[in-house]
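Every read-out reported here was derived from the displayed coordinates using simple, explicitly stated rules and does not represent laboratory data. Everything numeric in this text was worked out from a predicted model, so none of it was measured.
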Amino acid sequence: MSEFYLFRFLRGTLLEWSLQQQRRQDGPGGQHADRICSRGFDLFHVGHLNLLRHAKQHCDVLIAGVVSDEMLREVKGIEPVIPTAERAEIVRHLRFVDRVYVENTPSKLDAWRDMHFTHFFKGDDWRGTPKGLRLEEQFAEVGVKIQYLPYTMHTSSTALRRALAAITEGARSPIPRPCSPGDPGPHGTHERRDRSCANSRRSRPLPHPPSLRAPSPRSPAPPACS
C-alpha cells in the first residue's frame, strides 16, 4: 500500500515538473520563455509598478531591463534623478521581477544577445508609432515578439520631473522681507522706504481699540418702604 502512494506522489511530482517545463517553452526551438520589460524606471511610480505587474502575469521569468544613466542622456536627452545602481536595486526587490539587466547600449538587440528573451514588453503607448513599428521589425528578424501592455495615463516620469522643476523653481524665488522704517528704499533713499512702510502699515486692518467711554454709574437702589 505504501508503494502505491509513493508511486502516486512521484507521478504527481513528475507531472507538475513537466507542466512547468512546458510553460517555460515557447515555439519549436524549446527556448526558455524569459521575457523582458525595459524602461528607465527613473522616479519609480505606480505606472512602472502596473507595467511590471501585468508583465509578470504573462510569463514565468520576468527580466527588468534598466536603462543606464549614459543611455538616458544619449538616447532620451534627459538627466536621470536616480542613478543606475539605485534604480536597479529598487526594481530588483519587487516580487514581480526575477532578474535585472542594465542596458548600456542603445540597441535592444544587444540586450537580446545577452539575455536571449523570447518576448519584449512595451506600454501600449508605443503601439502603431514609428518607433514601435521600427522595434517590431528589428525583433522580428530574431524571432522576438513584442507584447503591448496597458499604459498608465495619469502619471509618468516626465510629469514628475516637471512637478519637481516647478517646486524647485518656487523654492528659489526670494521671499519678500517685511519692511521697517529706516531701511533704504529701492532707490537707496530712506524717505521713500519710510513712505512705503507707512503705506503698508496703513493698508493693514488695525485692531479695534478698547472703548474709552466711562462706564455708566449704577442706578441708586429704590428706598425701602417705610
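The H on the amide N of V100, modeled in the peptide plane, is under 5 Å from the matching H of A64, each at least 5 residues off or on a different chain.
From the cross-link list K56/K131; K56/K145; K76/K145, which pairs have alpha carbons spaced over 20 Å apart? Working shown, then result.
Working: K56/K131 24 Å; K56/K145 16 Å; K76/K145 24 Å.
Beyond 20 Å between Cα atoms: K56/K131; K76/K145.
Search the structure for amide H atoms under 5 Å from the amide H of D34, placed 1.01 Å from N in the peptide plane, and list their residues when 5 or more places away or on another chain. Under 5 Å from the amide H of D34 lie the amide H atoms of T118, each far enough along the sequence or on another chain. Percent of Cα pairs in the range 36-162 per distance bin of 10 Å, from zero to the largest separation: 13, 46, 38, 3. Taking only the C-alpha atoms of the range 36-94, Rg followed by Dmax gives 11.5, 34 Å.
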